[in-house]
Amino acid sequence: MVPLNSAGARVGVSGFMDAKVLVCLWFWFGGGCDFVEWLSLRNIRDVQSLAYMLLYVGLIVTQWLWGFSVWQYVALLFFSIGMQVIHHNHIHLGIWRNQNLNRTTSLFIGATTAVPSAMMIGGHVKNHHVHQHGPEDHTSTWKFGGDHNHLAGYLLHPFQAFLTLIPIFWREFRDGLPQRSKFSRHILLEVVLLFAVWLVLALADWRKFLLLVLVPQLFGLHWLLGSNYFQHAHCDDESDANYARNFVGLVNAIWLNIGFHTAHHDHPGAHWSRLKELHEASRDKVDQRLIEKSFFGYVVRTFFLSIFFESCRSRSLRQATSP
């Protein structure tokens, strides 16, 4: 890839990044509700979602045109997770009041994250939210090697869940083709669009495609499927309140309230900006061991320190409540 070794390239990158910052600041502070109304946004907080989408694409374009940058690549991986969170929020409650804009956004997010929205709806909304980590949930963490919560379990869970869900999606797609079902039509359109984008970018420069597009997409996909492990491993699927783990710290500011998971399950149609207040209203019913003050602290303690210190190991509530 071309290094940033000329004044013109440096000015171009600097100007592009400054423009992105100004746009984001204008969205957040200066755009005002009138602009949000004009855009048909459902909630003003979704300017953060739009800013994340803009930054994600901008970081790909910047490095594609002007060369690889370590700090920009780290930011790209960060926003690849943010894109999956936005995708998750969007399938529950569309960003826009206008349904045509919602459908267009679904196609855009599906092509940029490599996860068709039809699959997200089938695997997450119609499966996970209905069965809530129970026996009929295809992605229940305890179905893969028993009831555990450790680093190997987290790293493997996305692959296990993916291999479980793909045959289910394929059967639904195949069975729906003769009747041209909504699922079959939508997933066909999204997969064709995704492959078309991949093909065009790979033909343009396959090395840049792999580094700047495919790797961040796979990184975000691993996190998307792995988040199920963070949020449900060692939880009690037979309980009405203790089937999910919650994180109440910084993770919610940077990843759009993704930590308030029990509130999200209890109110799947609520806008993500309301999850904190919904969590506070019902947190007393949740076992306090399932309310973590820090997501990052939880990861360090449960997945790394637990290797050396037994006191840091996770304890299963599912086993504790079994007869």
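The values are calculated or read from the model by the stated rules, or taken from the named source; none is laboratory data. All values reported here derive from a predicted model rather than from experimental measurement. Note that we place each Cβ from the backbone using ideal geometry, even for glycine, and neighbour counts take in every protein chain shown.
Listed residues PHE219, PHE230; which is surrounded by fewer than 18 Cβ atoms within 10 Å (Cβ to Cβ) and either closer than 23 Å to LEU155 by Cα or acidic (Asp, Glu) (or both)? Step through it out loud before you land on a result.
Details: PHE230 fails: surrounded by fewer than 18 Cβ atoms within 10 Å (Cβ to Cβ).
Within the list PHE219, PHE230, the selection yields PHE219.
Has the range 164-182 got at least one residue that is touching a Leu at 6+ places or on another chain (Cβ under 9 Å), surrounded by 15 or more Cβ atoms within 10 Å (Cβ to Cβ) and closer than 29 Å to THR262 by Cβ? Walk me through how you get there before you give the answer.
Initial filter on the range 164-182 (touching a Leu at 6+ places or on another chain (Cβ under 9 Å)): 165, 173, 177.
Add one more test, that the residue is surrounded by 15 or more Cβ atoms within 10 Å (Cβ to Cβ), and what stays is 165, 173.
With the extra rule that they be closer than 29 Å to THR262 by Cβ, the set shrinks to 165.
Yes, that holds for at least one residue.
Identify the residue in the range 265-296 that is in a helix (DSSP H, G or I), under 23 Å from the mean Cα position of the chain (by Cα) and in contact (Cβ under 8 Å) with a residue 40 or more places away in the chain and, among all such residues, is nearest to HIS232 (Cα to Cα).
Checking each candidate, the answer is LEU290.
If you check every pair at least six apart or on different chains, which have Cβ atoms under 7 Å apart with a residue in the range 240-253 that is touching a residue at least 24 places away in the same chain (Cβ under 8 Å) first and a residue that is buried (at least 16 other Cβ atoms within 10 Å of the Cβ) and of a type in the set (Phe, Trp, Tyr) second?
ARG245/PHE230; ASN246/PHE260; PHE247/PHE295; PHE247/TYR298; GLY249/PHE295; VAL251/PHE295; ASN252/PHE260
Report yes if GLU190 is charged (D, E, K, R), outside any loop (DSSP other than H, G, I, E, B) and within 18 Å of the chain's Cα centre (by Cα), otherwise no. Reasoning before the result, please.
Working: charged (D, E, K, R): yes; outside any loop (DSSP other than H, G, I, E, B): yes; within 18 Å of the chain's Cα centre (by Cα): yes.
Answer is yes for this residue.
Exactly one of (1) under 30 Å from ALA241 (Cα atoms); (2) touching a Phe, Trp or Tyr at 6+ places or on another chain (Cβ under 9 Å); (3) aromatic (Phe, Trp, Tyr) is unmet by PHE79. Its number?
(1)
Please specify each residue of the range 195-238 satisfying the condition of being in a helix (DSSP H, G or I) and closer than 19 Å to PHE296 by Cβ. Let's see the steps before the verdict.
Residues of the range 195-238 in a helix (DSSP H, G or I): 195-204, 206-232.
Residues satisfying the conditions are PHE219, GLY220, HIS222, TRP223, LEU224, GLY226, SER227, ASN228, TYR229, PHE230, GLN231, HIS232.
Residue check, CYS235 against (1) more than 23 Å from MET120 (Cα to Cα); (2) surrounded by 18 or more Cβ atoms within 10 Å (Cβ to Cβ), all met but one. Which one?
Against the list (1) more than 23 Å from MET120 (Cα to Cα); (2) surrounded by 18 or more Cβ atoms within 10 Å (Cβ to Cβ), CYS235 comes up short only on (1).
Can you name the number of the only condition in (1) surrounded by fewer than 19 Cβ atoms within 10 Å (Cβ to Cβ); (2) in contact with a Ser or Thr (Cβ under 7 Å, 6 or more places away or on another chain) that VAL74 fails?
If we test VAL74 against (1) surrounded by fewer than 19 Cβ atoms within 10 Å (Cβ to Cβ); (2) in contact with a Ser or Thr (Cβ under 7 Å, 6 or more places away or on another chain), just (2) comes out false.
Mind telling me which of the residues PRO116, PRO135 ends up being surrounded by fewer than 18 Cβ atoms within 10 Å (Cβ to Cβ), at pLDDT below 95 and either on the phi < 0 side of the Ramachandran plot or of a type outside the set (S, T, N, Q) (or both)?
On the way: PRO116 fails: surrounded by fewer than 18 Cβ atoms within 10 Å (Cβ to Cβ).
The unique qualifying residue is PRO135.
Quick one: is TRP96 surrounded by fewer than 19 Cβ atoms within 10 Å (Cβ to Cβ) and touching a strand residue (DSSP E or B) at 6+ places or on another chain (Cβ under 8 Å)? Lay out the reasoning, then the answer.
Values: surrounded by fewer than 19 Cβ atoms within 10 Å (Cβ to Cβ): yes; touching a strand residue (DSSP E or B) at 6+ places or on another chain (Cβ under 8 Å): yes.
Criteria met by TRP96.
Could you count how many residues in the range 300-318 are in contact (Cβ under 8 Å) with a residue 24 or more places away in the chain and surrounded by 17 or more Cβ atoms within 10 Å (Cβ to Cβ)?
Looking only at that region, the number is 7.
Condition check: buried (at least 18 other Cβ atoms within 10 Å of the Cβ) and modelled with pLDDT of 95 or more. Does LEU212 satisfy that? Give the derivation first.
Values: buried (at least 18 other Cβ atoms within 10 Å of the Cβ): yes; modelled with pLDDT of 95 or more: yes.
So LEU212 fits the description; yes.
Here are VAL21, VAL11, VAL57, VAL85: which of them is closer than 27 Å to LEU201 by Cα, at pLDDT 95 or above and surrounded by fewer than 17 Cβ atoms within 10 Å (Cβ to Cβ)?
Unique residue meeting the criteria: VAL57.
Taking the condition of being in contact with a His (Cβ under 8 Å, 6 or more places away or on another chain), farther than 26 Å from PHE209 by Cβ and not in a helix (DSSP H, G or I), how many residues in the range 101-137 meet it?
3
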